[in-house]
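I am attaching a structure below and will ask some questions about it afterwards.
No lab work stands behind these numbers, since they all come straight from the coordinates. Since we're looking at a predicted model, the values are computed, not measured. Cβ placement follows ideal geometry from the backbone for every residue including glycine, while neighbour counts extend to all protein chains displayed.
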Amino acid sequence: MNDQKDQGMQITIDTSQTEPVYSNFANISHQPFDFTLDFMRISPPRGDLVSRVMMSPQHAKAFLAALTENVAKYEKAFGPIPGPPDPSSVKGPNIGFAN
């Protein structure tokens, strides 16, 4: 039996990394050992990658659970979030990566 109290964890924050970035598009890809989340800001005629986050499958699943829980809390407080539009009804340029 372990009688030690939980020491907790101290988080160090690099203040140069605390400025939020806005993203209105995300792409998720995966391989056997990691998930990659690319967050982009799309403002036609261009789009910019603003952040890339890689995580293990276990962390991706925990992130999904936390996001699901928080969306439910948000909707309880502020009402339902409308779903995305049907892609076939959206007019505009195709969005993709530039070489």
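Expressed as a rounded percentage, what relative contact order does region 22-78 have, with Cα pairs under 8 Å and six or more residues apart? All intermediate terms of the calculation are to be shown ahead of the outcome.
Details: 68 pairs, mean separation 14.5, N = 57.
Computed value for region 22-78: 25 percent relative contact order.
For region 22-78, what percent of Cα pairs sit more than 16 Å apart?
Counting every Cα pair in region 22-78, those more than 16 Å apart make up 57 percent.
Right, here's the next one. Net charge near Leu49: determine it from the other residues with C-beta under 14 Å of the C-beta of Leu49, scoring Lys and Arg +1 and Asp and Glu -1.
Taking every other residue near Leu49 into account, the sum is +1.
Taking neighbour counts of Cβ atoms within 10 Å as a proxy for exposure, in what order, fewest first, do Met9, Met40, Met55 appear?
Details: Met9 5, Met40 19, Met55 15.
Ascending number of Cβ neighbours within 10 Å: Met9, Met55, Met40.
What is the fewest-to-most order of Ile11, Ile28 by other Cβ atoms lying within 10 Å of their Cβ?
Ile11, Ile28
Let me ask another. In nm, what is the difference between 0.36 nm times the number of residues separating Ile81 and Val53 and their Cα-Cα distance?
Residue separation times 0.36 nm, minus the Cα-Cα distance, leaves 7.6 nm.
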